[in-house]
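Every number in this text was worked out from the coordinates using simple rules, so none of it is lab data. Everything numeric in this text was worked out from a predicted model, so none of it was measured. Neighbour counts run over all protein chains shown; Cβ positions are idealised from the backbone, glycine included.
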Amino acid sequence: MNETIKTLLHHRSIRKFEDRPLTDQQIRTIIDCAQAASTSSYIQAYSIIGVKEKEKKRRLAELAGNQPYVETNGHLFIFCADLFRHELLAEMEGADITASLESAEKYMVAVIDAALAAQNAAIASESMGLGICYIGGLRNNVEEVAQVLSIPKRVIPLFAMTVGYPLHESSKKPRLPFEHVYHEEGYNEDKKELQAQLLEYNKTIQEYYLQRTGGERSDTWTGQMAAMLSKPTRMFMKEFVEKQGFQRR
């Protein structure tokens with residue numbers, strides 16, 4: 001097993017960091033690695049905003065649901081879907097690309113490009129001995145986040161990533177079974193087989209929580225997901241996405 005695969009398989013979300021900033025060279029290396037990720041048709045439809053300022057981090061932590069590790073970390077990266085530069089290049093070239101920019105397809109391209117870049121950044125960070133945590137809670141108050149970060153139209157702050165020196169080694173959460181995730185030649189729609197796999201996975205997750213909490217918690221994965229998805233969240237996102245000039249067609 002090579003070092004890259006070891007790094008990937010060792011991934012944990014880190015939520016406690018030393019109060020120690022990354023160097024400019026570390027930040028540059030992480031961004032260079034992010035930019036090395038694949039991008040659909042060379043569109044490069046994303047941007048990354050770095051935040052060092054303590055007061056700005058504190059405000060973003062508050063907006064993300066009062067998560068302290070958004071405030072205390074080595075560096076905070078905000079990954080954005082970005083078609084703003086494409087609007088600029090259209091002005092430069094005298095081209096009308098509005099229909100493309102407002103299509104569902106280009107919205108998907110921008111989100112996928114940002115996610116691919118972020119995962120490269122995560123792996124690069126972890127390979128340097130740093131820890132990371134994705135922060136989807138940034139979308140809890142996306143309008144306010146956009147104001148804090150001076151986000152223009154055609155740009156959406158999708159999620160943050162905290163990076164820094166870990167204060168602890170968290171445990172690894174078991175993932176879904178290989179057979180449940182990987183389908184060959186076509187999608188396996190056998191409900192009985194899939195539900196049997198989920199029941200087995202529930203046992204694994206229960207054991208994980210029992211050990212982690214000393215018997216105080218015994219959640220199942222299906223129970224967690226059913227409870228969470230029964231309460232729709234961030235239902236304002238569609239309106240915000242359209243307001244920013246995405247997915248109108």
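Couple of notes before you dig in:
- If you take all other residues with their beta carbon under 15 Å from the beta carbon of Phe178, and give Lys and Arg +1 and Asp and Glu -1, the sum is -3.
- The range 102-147 and the range 1-73 have their alpha-carbon centroids 9 Å apart.
- Filter on Lys6/Lys238; Lys56/Lys153; Lys54/Lys231; Lys192/Lys243; Lys6/Lys54; Lys57/Lys153 - keep pairs with C-alpha separation over 31 Å: Lys6/Lys238; Lys54/Lys231; Lys192/Lys243; Lys6/Lys54
- As a length-normalised measure over Cα pairs under 8 Å and 6 or more apart, the relative contact order of the chain settles at 26 percent.
- Cβ-placed point charges (K, R +1; D, E -1), dipole of the chain about Cα centre in debye, nearest 20: 780
- Taking label positions 7 Å along the Cα-Cβ direction at both Asp32 and Leu89, the computed distance is 2.3 nm, reported to one decimal.
- Reach of Lys191 by Cα under 19 Å, taken over lysines that are not fewer than 8 positions away in the same chain: Lys203
- Length released on extending from Glu179 to Met128, taking residue separation times 0.36 nm less the Cα-Cα span: 15.2 nm
- Lys, Arg +1 and Asp, Glu -1 on Cβ, resulting dipole of the range 178-218 about Cα centre, debye, nearest 20: 380
- Net charge of Cβ neighbours under 13 Å - reference Gln119; Lys, Arg +1; Asp, Glu -1: -2
- Summing charges over neighbours of Glu207, with a neighbour being any other residue whose Cβ is under 13 Å away from its Cβ, gives +2 when K and R count +1 and D and E count -1.
- Only lysines eight or more places from Lys52 in sequence, or on another chain, were considered; those with a Cα closer than 21 Å are Lys16.
- Helix runs (DSSP H) in the chain reaching 24 Å along axis by Cα, Kyte-Doolittle at least -1.0: 104-127
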